[in-house]
Structures are given as C-alpha cells and as structure tokens.
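Peer 1: First the structure, which I've put down as structure tokens, then a few questions once you've had a look.
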Amino acid sequence: MTVIDGEFQRLESIEEICFDEDVMTFLQDAQATLKYKGIYNLQGPFKSSLIHYAVMGDCAELLLYSSDRVRLPCQEQRDRLSNPNHMIR
C-alpha cells in the first residue's frame, strides 16, 4: 500500500484539492477505508468519485487498483439486448 499512500499524498498536495476542506476529508476517509474495507465507488464533494481524483493527480497505481476492484453502476446496467449501457454501438 505504500505506493498508493504516496499517491494519496500527491493528491493532497494539488492546489485545487489542498484548499478544499471537504475534498481533503473525502480523500482521507477514502484512504482509511481502502486499507481495511477495500475500494468501492466512493463519491465525494461535487459528486466526484475517487477515480476522478486519481485521474486528476495522475495516480496510475490507484487507478489500476480501483479499476480491478470497483464495479460502477454503469457496468451493472444493461439494455434490452444485455449489452452494458456504456457500450457504443
């Protein structure tokens, strides 16, 4: 987890994040939760997910970890032909 911990530190040093108390609290809670519960589709302030902040901070390991473990609602929804709704035809 030390690589991911470093990525959380990088996120917390981004100017747009470090001055927003709500976002900082969200990231600290997400980091603590990640250690003992694993990841789930956390939504923070402005309805931004943890994945959004990982992209914002270019946190490759956090993105890889997240994409392997989280199932987003759009992955669960299917059209009448059983295709995922996020698929483009």
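Peer 1: Whose amide H sits under 5 Å from the amide H of Ser49, counting only residues 5 or more places off or on another chain, with H placed in the peptide plane?
Peer 2: The answer is Gly44.
Peer 1: I would also like to ask the following. Do any chymotrypsin sites (Phe, Trp or Tyr not before Pro) in segment 1-34 lie in a loop, going by DSSP, with at most 13 other beta-carbon atoms within 10 Å of their beta carbon, and if so which?
Peer 2: Phe19
Values quoted throughout were computed directly from the atomic coordinates according to the rules given, and no laboratory measurement underlies them. What you are looking at is a predicted structure, and each value in this text was computed from that prediction instead of being measured. Quick reminder, even Gly has a Cβ in these numbers, built from the backbone with ideal geometry, and neighbours come from all protein chains shown.
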